[in-house]
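As structure tokens, the structure follows; a few thoughts come after it.
The values are calculated or read from the model by the stated rules, or taken from the named source; none is laboratory data. A quick note: this is a predicted structure, and the numbers were derived from the prediction, not measured. Cβ coordinates were reconstructed from backbone atoms using ideal geometry, including for glycine residues, and neighbour counts include every protein chain displayed. Ligands, DNA and RNA are excluded from the accessible area calculation, which covers all protein heavy atoms including side chains. Shrake-Rupley method; radii C 1.70, N 1.55, O 1.52, S 1.80 Å.
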Amino acid sequence: MSRRIAGFELRLPESWHVVPTEVPEEIDAWARATAEALVAEVPASDRPEAVTTDITDVLAEQLADVGRAVVDTRIGGLQTAVLVRHPEIGAVDAMLTIGSQLDLGYDVFAAQLAAIVENSEEHDFAFAGRVDGTAEAGEVTGMHSMISHFGDLGIEGTAVLEERVVLGVFPDGCPDMVELTAIARSVGTFDDMPQEMLDLLAGLALELEAA
């Protein structure tokens, strides 16, 4: 008898913060309170002169932007989180979303990734490669990519690289998958982004029910 995904939870390590995208009205208040708390926790010895209310404003706006962007996708059931390692610089280091997809098996997902990797130049990818692994929740496959965004610096012909990891988790005996998508603020935010995202899956707990 096959089983279906009835629910999931991703337990995240310190410095990751869950964004309340299921209740859009709470995003701005959450962003302000979180930014204030994070900046207030910075030790005095680590505070450059730039740590002011302005830095709190900048961080709060970035946190809120993530939440609004996820809400605007109109994809329900996503868990969203942001990574803030250095609140004193007022920046979000990375964001991730995780959600379930019904009736999307390993073979179909892997074929979709293979097609993207094979035709990466058509998608403005400076780099695209497969990622494979295992987690307690199931078999894992995905893609690590560097995406070129041209014109973001206002200089013609200049590209900004976005580092992204997409992972699919496939529980044994289940036709559904859980998909994690993580986007880094800049290339170099992580020493090994694919491995760090695979490591996060150690905190993934699935609720399965009989079909």
Next on the checklist: For segment 119-132, check the following and say yes or no: at least one residue is out of contact with any strand residue (DSSP E or B) (no Cβ under 8 Å at 6 or more places or on another chain) and charged (D, E, K, R).
Outcome noted: yes
Checklist outcome for this item: Of the residues in segment 184-207, those that are β-branched (Val, Ile, Thr) and open to solvent by 40 Å² or more (accessible area, probe 1.4 Å) come to 187
Checklist outcome for this item: Checked segment 118-140 for anything surrounded by fewer than 17 Cβ atoms within 10 Å (Cβ to Cβ) and assigned to a helix (DSSP H, G or I); matches are 118, 121, 122, 123
Checklist entry - Which condition breaks for residue 160 when tested against (1) open to solvent by less than 40 Å² (accessible area, probe 1.4 Å); (2) in a strand (DSSP E or B); (3) at pLDDT below 95? => result (1)
Checklist entry - When you scan segment 77-92, how many residues do you find that are within 20 Å of residue 201 (Cβ to Cβ) and open to solvent by less than 10 Å² (accessible area, probe 1.4 Å)? => result 4
Checklist outcome for this item: Restricted to segment 1-37 and to residues being among the hydroxyl-bearing types (Ser, Thr, Tyr) and over 14 Å from the mean Cα position of the chain (by Cα), the residue farthest from residue 71 (Cα to Cα) is 2
Item to check | Subset tally (residues that are touching a residue at least 12 places away in the same chain (Cβ under 8 Å) and either part of a helix (DSSP H, G or I) or over 28 Å from residue 185 (Cβ atoms) (or both)) for segment 98-117 | outcome: 11
